[in-house]
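This report concerns only the one structure given below.
The values are calculated or read from the model by the stated rules, or taken from the named source; none is laboratory data. As the structure is a computational prediction, the values presented were derived from the model and not from experiment. Glycine also receives a Cβ, built like all others from the backbone with ideal geometry; neighbour counts cover every protein chain displayed.
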Amino acid sequence: MLGKTANGLYWMFRYIERAENIARLIETGQRMALTRSSAAEDEWASILDTAGVRDSYTEKHGDAVTKEGAIDWMLRDPDNASSVLSAVSNARLNARMVRTALTHEVWEAMNGCYMEARNILARKVGERDLPEVLNKMRQRTALVRGATHGTMLRNDIYDFARIGTFLERADNTARILDVKYYVLLPSAMAVGSSLDNVQWETILRSVSGRGGYRMVHGNRIRPRDIAQFLMLDKRMPRSLNFCCSKLLDNLDYLASDYGNTPPSHHMARAMTDQFALHDVDAIFELGLHEYIQEVLTSLSKLGRQIEVDYRFYE
Amino acid sequence: MEQNDTFDEMWGRGQELRVPYNGFQDWFEGEDIARLRAKQREAEEVFRLTGITFNVYGRSEAEERLIPFDIIPRIISAREWLKLSRGIEQRVQAINAFLYDIYHRQEIVRAGRIPAEMISRNEAFLPQMIGMAPPGGVYTHIAGIDLVRTSDDEFYVLEDNARTPSGVSYMLENRETMLQMFPELFSTNRVQPVSNYPRSLQRSLANCAPPATLGDPTVAVLTPGIYNSAYYEHSFLADQMGVELVEGHDLRVIDGRVAMRTTQGYKPIDVLYRRLDDEFLDPLNFNPDSALGVPGIMDVYRAGGITIANAPGTGIADDKAIYSYMPDIVEFYTGEKAILQNVPTWRCSELDSLAYVLDNLSELVVKEVHGSGGYGMLIGPAASKKELAEFTRKLKARPSHYIAQPTLALSTVPIFTRSGLAPRHVDLRPFVLVSPDGIEITPGGLTRVALKKGSLVVNSSQGGGTKDTWVLED
C-alpha cells in the first residue's frame, strides 16, 4: 500500500470520528442550556474548549461566547477546520484520494454523508431544526462506519482506518476529561448538589455513556466511578483503555502482515499496559489533571510516530 | 416522404425506423413517459452519489460537475461496427508505425510525403525520443479515435487522440447505469459487452513491461492529483485494474528504477500509465517547474527501467496539422487506402488555402492546431459578424496556428426531453488498446451529444452530454 493511501485512510476515519464527536458535543451543550442550571455561556465556552476550538472561535468572534455563535462555529463554519461540515468535507476529500482502497459501499456512504451535510448545513440551523440535523449527521457517519465494518477486507487498509478512528476517539475522550476534570475532583464531591449531578451527567452524555454506566455502576452517579468508566473500563467503547487496546490490536495486525514491529507498537503497548495496571484511586492520588495531560501528550506522540513508521509523508 | 438534410441514426432521413433501433423502439413505445422521467432523474442521482464528476478548472472543490447523461442509447449494428473497427485498426497501426519512423529514420519525410518542417518544427515533436525504441514497440498503448457520421455509410475521423485520451470511464459507467436501470432492454437486445476493458487494459499494459522487470509486472496509474478534471477516471481505472494510483510526490528514482513510496518502503514500478502531459512528466528533462512529475524518469525510461504509456512524444501523431496528412500516412505504412475518411482540411499555413479560408469563413470550422476541448474554435455558420472579423484577424496574424474544415452535417440521435424524443448531434470516441499481441477495440465507446437543439459542439466542457453506446451482436 502507498504511504499516501495509509495517510488518507487514517485521516478519513479521524475526520469521520471527529464529525460524530463534535455533533455529540453540540447536542450535550444544547441539552445543558435547556436545563438552565448553570450559566449557559460558560457551558458553551467549555464545550468549545472540549472540541479544541475555543481559541479559533475567540479569534473570529471575540471573547464573548454566545449560544448561536458557538453552535454555528462548531456545526458549519468553514473557517473552523473541526466544524462538523469541515470534518465531513475533509473526510470526503481524503476518501476521494484513497478511493481505490475503499469498497463501493463505503465510498457511497461517505459521499452520501457529504452531500447530506452540504445540504442541511448550507444555512444557519435554527434551534427547532437542530435535533434533526444532529441526528442526521450521526446517522450518516454511523453509516460510513457500518459500511466499513460490513464490507471492507480485514487487511492493512482496514487497520489504518481503525487506527485513525481510535486515535481520534481516545483523544476526544481524554479532552472531555481534561476540560471537565475539576467536577470530578474530591473537593467537588460534596455529593448530590443538583449542579454536580447535571455536570456529571453531561460528561456521560458527551460520550453516549449514560446507559452503559448505569449497567455497570447502577443509578448512583459518582465522580470516581465516572472517571473509572471513561478511563479504565475496557468494555466501554469510548474509554481510553478500550481505544488504546484497539489501537494496539490493529498495530499488531499490521506487524504480523508486514513482518516488523516499529516504535509505534511499543508506544501503544506501553499505554495499554498502563491502563490495565492502573487503579482509579491511585490516579486521583497522583492527580487526575496531570494524568490526563500525560495521556494527551502520549496520544499525539503516538500519532506522529505512526506517520513516520508507515511513511505517510516521507 | 419528406427528406431531412441531417441523417438521424434512428429515423434515417425520413420517418422510417432504421433496423438497429427495432428492438429499442418496441420497448420505448410500451414505456410510460413519466416513468422514464423518473428514471432520468434516478440516473443523475446514481452519478452524483458515485461521484462520477469532473472538476472545472479554476473553480473550488465545491465545483464538481456532472456530465449530463441521456438515457436513450446510441445503437450501432454489427455490420457497421465491423467496417468501423477495421478502419480504426488500420489507422492506429499506421499511427504507431508513423511514430516509430519519425523518431528513427524518417522514411516518410525522405519519400517526400510529409514536409520535413512539419516534423522538426512541430512543438509536439520530442527530440528526447529520437532513436529510442519503446518496450514492445508500442507508442500509443491507448488511443481514442473521434468519429462523426454524416450518412448511412459515411464516417469521418475528426481527430486522433494519441496522448492521453479520456472518457473511457463514462463508456463503462454509462453501460453500468443502463444495466441497473433498464435490465429488460438488455435481455431483448443483444448488446456486446464493454466491461472487459479494464482487464484488457491491465493485460495490454503488462505486456509492454520493460527489460528491467522481475516477475509479474507492477503497473500503476499516474494522476496529476485530486483536482484534475479527469481525476475520477484516473481513480476508477486504477481501482478496476487493481493497481495503485500514484502522484508525482509518491515516486522517486532509486537504483535506476522508478519506485513508489509504500508503507513498507519503496517498490519499483514496471509500467506507468500516466495521465499527465509530456511537458510535466520530468522536471529534469522538460518543464523544470513541474511539481507533478518525477525527476529523472526519462533517463530511467531510456535505459529500459520503466515503460511509460503512452510513450512521450506521441502528440505529434494527433497534431491537427499532421491530421491533414493522415490519408498519406495510412497508405505509406499499410500499403492500403485509408478505410476511414479524413475531413477535408485546409492548412492555413499554405497561401492558397488561407485565401480560400478567408473567403469562405462563414461556412467553415476553424480550429487551433494545438487546441483541444472545443476551446478557441470558430464554427462559421453559427458565428456572429464580430467573431468572424476577429478570426479573420487571427488567421492573418498567425496562419500556421490554424486549420479549417467544412462544416459537416453531423448525424443526430434522439435524446429524451420533457416532451419526448428529440434529435441532437453526436460524435463517437471508440477506445483502442495496442500491445505487442495486437490491437483490441472495445465494441462501443463514448458517445458525446450536444444537448442544445441544433448545436454541433459536443464537448463536455461546453455543455455536452453522454449516452450509452451499443454495438449489437450479429
Quick one: in region A:179-231, which of the residues that are over 25 Å from A:I22 (Cβ atoms) and in contact with a His (Cβ under 9 Å, 6 or more places away or on another chain) is modelled with the lowest pLDDT?
A:L185
For region A:57-110, which residues satisfy the criterion of being assigned to a loop (DSSP other than H, G, I, E, B) and either under 22 Å from the mean Cα position of the chain (by Cα) or among the acidic types (D, E) (or both)?
A:D63, A:R76, A:D77, A:P78, A:D79, A:N80, A:A81, A:S82, A:S83
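What's the total number of residues in region B:228-260 that are of a type in the set (A, V, I, L, M) and within 12 Å of chain A (Cβ to nearest Cβ)?
Of the residues in region B:228-260, the ones of a type in the set (A, V, I, L, M) are B:230, B:237-238, B:241, B:243, B:245-246, B:251, B:253-254, B:258-260.
Subset that is within 12 Å of chain A (Cβ to nearest Cβ): B:237-238, B:241, B:243, B:245-246, B:251, B:259-260.
Residues meeting the conditions: 9.
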Of all residues making up region B:447-458, the number that are crowded, with 18+ Cβ neighbours inside 10 Å and either not in a loop (DSSP other than H, G, I, E, B) or not hydrophobic (A, V, I, L, M, F, W, C) (or both):
4
Checked B:S461, B:S372 against criteria (modelled with pLDDT under 90, outside any loop (DSSP other than H, G, I, E, B) and of a type in the set (G, A, S)); the one match is B:S461
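Scan A:E294, A:E307, A:E290 and give me the residue that is within 14 Å of chain B (Cβ to nearest Cβ), within 22 Å of the chain's Cα centre (by Cα) and part of a helix (DSSP H, G or I).
Details: A:E294 fails: within 14 Å of chain B (Cβ to nearest Cβ); A:E290 fails: within 14 Å of chain B (Cβ to nearest Cβ).
Just one listed residue meets the conditions, A:E307.
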Just one of the numbered conditions (1) over 26 Å from B:P127 (Cβ atoms); (2) at pLDDT below 90; (3) among the polar types (S, T, N, Q) is not true of B:N342; which one?
(2)
Filtered residue count, region B:148-180, keeping only those that are over 17 Å from B:K467 (Cβ atoms) and either without any contact (Cβ under 8 Å) to a residue 24 or more places away in the chain or of a type in the set (D, E, K, R) (or both):
6
Kindly establish whether A:D233 is of a type in the set (D, E), away from chain B (no Cβ under 14 Å) and outside any helix (DSSP H, G or I).
yes
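Checking the condition under 23 Å from B:V191 (Cβ atoms) and of a type in the set (D, E), which residue from B:E107, B:E42 passes?
On the way: B:E107 fails: under 23 Å from B:V191 (Cβ atoms).
After ruling out the rest, the residue left standing is B:E42.
Go over the candidates A:S83, A:S89 one by one and state the one that is within 14 Å of chain B (Cβ to nearest Cβ) and not hydrophobic (A, V, I, L, M, F, W, C).
None of the other options fit; the residue is A:S89.
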Inter-residue pairs, beta-carbon under 6 Å, first over 19 Å from A:A170 (Cα atoms) and in region A:248-264, second hydroxyl-bearing (S, T, Y), 6+ apart:
A:A255/A:T261
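On the given criteria, is A:A161 more than 30 Å from B:Q264 (Cβ to Cβ), modelled with pLDDT of 95 or more and either surrounded by 21 or more Cβ atoms within 10 Å (Cβ to Cβ) or of a type in the set (S, T, N, Q) (or both)? So that I can check it myself, show each step before the final result.
Working: more than 30 Å from B:Q264 (Cβ to Cβ): no; modelled with pLDDT of 95 or more: yes; either surrounded by 21 or more Cβ atoms within 10 Å (Cβ to Cβ) or of a type in the set (S, T, N, Q) (or both): yes.
It is false that A:A161 is more than 30 Å from B:Q264 (Cβ to Cβ), modelled with pLDDT of 95 or more and either surrounded by 21 or more Cβ atoms within 10 Å (Cβ to Cβ) or of a type in the set (S, T, N, Q) (or both).
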Please name all residue pairs, on different chains or six or more residues apart, with Cβ atoms under 7 Å, provided the first residue is in region A:1-17 and is within 9 Å of chain B (Cβ to nearest Cβ) and the second residue is part of a helix (DSSP H, G or I) and of a type in the set (G, A, S).
A:T5/A:A101
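Do the conditions hold for A:D159, that is, is it of a type in the set (D, E, K, R), out of contact with any strand residue (DSSP E or B) (no Cβ under 9 Å at 6 or more places or on another chain) and away from every other protein chain (no Cβ under 14 Å)? Explain how you work it out, then say what you get.
Working: of a type in the set (D, E, K, R): yes; out of contact with any strand residue (DSSP E or B) (no Cβ under 9 Å at 6 or more places or on another chain): yes; away from every other protein chain (no Cβ under 14 Å): no.
Considered against the rule, which asks whether it is of a type in the set (D, E, K, R), out of contact with any strand residue (DSSP E or B) (no Cβ under 9 Å at 6 or more places or on another chain) and away from every other protein chain (no Cβ under 14 Å), A:D159 comes out as no.
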For B:N285, the lone unmet condition from (1) under 29 Å from B:G51 (Cβ atoms); (2) more than 14 Å from chain A (Cβ to nearest Cβ) is (1)
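Residue-wise test of (1) assigned to a helix (DSSP H, G or I); (2) in contact with a strand residue (DSSP E or B) (Cβ under 8 Å, 6 or more places away or on another chain).
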| site | (1), (2) |
| --- | --- |
| B:R149 | no, yes |
| B:T164 | no, yes |
| B:R175 | yes, yes |
| B:Q180 | yes, no |
| B:F186 | yes, no |
| B:R199 | yes, no |
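Give me a count of the residues in region B:114-143 that are touching a residue at least 40 places away in the same chain (Cβ under 8 Å) and over 19 Å from B:D160 (Cα atoms).
Going residue by residue through region B:114-143, those that are touching a residue at least 40 places away in the same chain (Cβ under 8 Å) are B:114, B:118-119, B:122-126, B:128-129, B:132, B:134-143.
Subset that is over 19 Å from B:D160 (Cα atoms): B:128-129, B:132, B:134-137.
Here the count works out to 7.
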